[in-house]
Amino acid sequence: TNLKKQGMLALTFADKDDYEKIQEDDIIDIHGLSTFAPNVPLQMDLHHADGSKDIISVNHSYNSQQIEWFKAGGALNIIRKEAAMKAAGL
């Protein structure tokens, strides 16, 4: 939960063998963040330096509140925004 509160994206491999596919100089794209939802896996595209690509499935354990923390860049950003709105009388 600490990583989640900090706005970090904690993922696990759907297939543990996919870990071996990641190379040191890969560029990684993560798909599904615009529709990020509880219990819905995400997709990672691994773009290798040689031009090849692997697509792997990754899981998360985020609930709705934790997803909001991620989208806000962390729980503290939400708390800060709520405090500012309260101070402004909104």
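What follows is calculated from the coordinates using simple rules that are stated; it is not laboratory data. What you are looking at is a predicted structure, and each value in this text was computed from that prediction instead of being measured. Glycine also receives a Cβ, built like all others from the backbone with ideal geometry; neighbour counts cover every protein chain displayed.
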inquiry  = Compute the helix-to-body angle for 75-87: its Cα long axis versus the longest principal axis of the chain, expressed 0 to 90° and rounded to tens.
reply    = 20 degrees
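Relative contact order of the stretch 8-51, please, whole-number percent, based on alpha carbon pairs below 8 angstrom and at least 6 residues apart. Mind dumping the intermediate values first?
Details: 32 pairs, mean separation 16.1, N = 44.
Computed value for the stretch 8-51: 37 percent relative contact order.
Could you tally up the Lys pairs in the stretch 2-87 with alpha carbons closer than 16 Å? Skip any pair fewer than 8 positions apart unless they're on separate chains.
Numbers: 4/71; 5/71; 5/81; 21/53; 71/81.
Summing the qualifying lysine pairs gives 5.
Under 15 Å from the Cβ of residue 63, count the other residues' Cβ atoms, weight Lys and Arg +1, Asp and Glu -1, and hand me the total.
Numbers: positive: 4, 5, 71; negative: 68.
Result for the local shell: +2.
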query = Can you list the GluC sites (Glu not before Pro) in the stretch 1-79 that are in a DSSP coil and have 10 or fewer other beta carbons within 10 angstrom?
reply = 24
ask   = For the chain, what relative contact order do you get, as a whole percent, if you take Cα pairs closer than 8 Å and at least 6 residues apart?
value = 34 percent
key: Shape metrics for the stretch 2-87, restricted to C-alpha atoms - Rg then Dmax, Å   = 15.7, 54
